[in-house]
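Have a look at the structure below before the remarks.
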Amino acid sequence: MLNEIDQFMSYLQYERNVSDNTIEAYNRDLIGLYKFLCGDYERHATWQYEVKVTVHDDDILIETISKDDLTSYLEFIFDSGLKRSSIERKIAAVKTFFKFLYNRDIIARNPAGRIIYPKKGKRLPRFLHLKEVNNILKFEDVTFIDFRDRALLETFYSTGSRVAELAAARITDIDMESGRLKVYGKGREERFVFITEETLQTIDRYLKERIKKFRVLSEPLFVNNRGGGITERGIFGIVVKRARAAGMLERVTPHTYRHSFATEMLNQGADLRAVQEMLGHRSLSSTQVYTHTTKERLKRVYDQTHPHALLHKNKKKSD
């Protein structure tokens, strides 16, 4: 997608003779679309929106972008509280971009041709059940990358950390004895998250494999195959790859693990304020969204187990 954006910018500049300000605004809007589709807008909670594009080599395959993906993006910018003029400009940028690609035969169909304004509505966080978490971890630890990925995925589920927090974590931030990891959240606010004994053992095995491969331990807690610090985008790609390898049909991102952590903590009776602190939420309202998820799950359990509910369900079937 990034290459197609560059082509479009050249078209605006050299063939349409568009002003520099307009080119800059369109480029900013399209990079914003790219980041949304990649899941890079964690601070705006893009996990609430359904996106099914294909990411390959840290880029989006342009032909995999659908009308539904663009509709999700429209919902996102509407929900972001932008001014109407800003929303209209972003929509114009998207429509003009895909029309250009379609007219140049770069794409076979124009997904922006009939996108419509979305209806407002509150979405609940997507989360993983424990069985799904375990399924993603059903791969053999053969290479260093396998050990690294397992440690990373388990740390996500154990701590509920943000992707940026784990990308920035250092070796010196983890206390193996107390099972705590120091992370820096939004605004560089420091907090401690907790790691289960099982995950500590997984991290220990990963660090031993890392010493075998690189001889020494560099500062980043999680590193790439060359020993350098792994980026947020790199972590995103790991989660997507492992989830797809496990046969997950729905989109799984690092933030999905964060939701899963919060939902499971509340399901097990954790105090809302305690979960707020563990997640690093400044506002309790950000944490309260998970209570809706747990209530829905409790309602399903009730419907499946309460004798009167079952009686009513069976009666409806017989009717």
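Going by what's in this entry, would residue 270 be described as surrounded by 19 or more Cβ atoms within 10 Å (Cβ to Cβ) and not assigned by TED's automatic domain parsing to the domain that holds residue 54?
The answer is no for residue 270.
The test for being at pLDDT below 85 and either part of a strand (DSSP E or B) or in the same structural domain as residue 150 (by TED's automatic domain parsing) (or both) holds for residue 291. Examine region 213-223 for a residue that is among the charged types (D, E, K, R) and within 23 Å of the chain's Cα centre (by Cα), and state whether such a residue exists. Checked against the condition, which is being among the charged types (D, E, K, R) and within 23 Å of the chain's Cα centre (by Cα), region 213-223 yields no hits at all. Across region 85-110, the number of residues qualifying as in a loop (DSSP other than H, G, I, E, B) and not hydrophobic (A, V, I, L, M, F, W, C) comes to 4. So for region 170-179 (the condition being assigned by TED's automatic domain parsing to the domain that holds residue 140, in a loop (DSSP other than H, G, I, E, B) and among the hydroxyl-bearing types (Ser, Thr, Tyr)), does at least one residue qualify? Yes, that holds for at least one residue. Kindly provide the set of residues from region 219-229 that are in a loop (DSSP other than H, G, I, E, B) and either in contact with a Phe, Trp or Tyr (Cβ under 6 Å, 6 or more places away or on another chain) or under 14 Å from residue 150 (Cα atoms) (or both), ordered by number. Listed by number, the residues that qualify are 221, 222, 224, 227. With respect to (1) in a strand (DSSP E or B); (2) surrounded by fewer than 18 Cβ atoms within 10 Å (Cβ to Cβ), the lone exception for residue 216 is condition (1).
Would you say residue 183 is in contact with a strand residue (DSSP E or B) (Cβ under 7 Å, 6 or more places away or on another chain), part of a strand (DSSP E or B) and of a type in the set (Val, Ile, Thr)? Against the criterion (in contact with a strand residue (DSSP E or B) (Cβ under 7 Å, 6 or more places away or on another chain), part of a strand (DSSP E or B) and of a type in the set (Val, Ile, Thr)), residue 183 qualifies. Any residue that is surrounded by fewer than 18 Cβ atoms within 10 Å (Cβ to Cβ), of a type in the set (D, E, K, R) and touching a residue at least 12 places away in the same chain (Cβ under 8 Å) - is there at least one of those in region 145-168? The answer is no, given that none of the residues of region 145-168 is surrounded by fewer than 18 Cβ atoms within 10 Å (Cβ to Cβ), of a type in the set (D, E, K, R) and touching a residue at least 12 places away in the same chain (Cβ under 8 Å). Once region 247-260 is narrowed to residues that are modelled with pLDDT under 90 and in a loop (DSSP other than H, G, I, E, B), the residue that is surrounded by the fewest Cβ atoms within 10 Å (Cβ to Cβ) is 249. For the criterion of being assigned to a loop (DSSP other than H, G, I, E, B) and of a type in the set (D, E, K, R), residue 244 fails. Restricted to region 1-84, the set of helices (runs of 4 or more DSSP H) holding at least 2 residues that are modelled with pLDDT under 80 and out of contact with any Phe, Trp or Tyr (no Cβ under 9 Å at 6 or more places or on another chain) is empty. For the criterion of being in contact with a Gly (Cβ under 8 Å, 6 or more places away or on another chain), modelled with pLDDT of 95 or more and of a type in the set (A, V, I, L, M, F, W, C), residue 222 passes.
The values are calculated or read from the model by the stated rules, or taken from the named source; none is laboratory data. These numbers come from a predicted model, not from an experiment. All Cβ positions, even for glycine, are placed from backbone atoms using ideal geometry, and neighbour counts span all protein chains on display.
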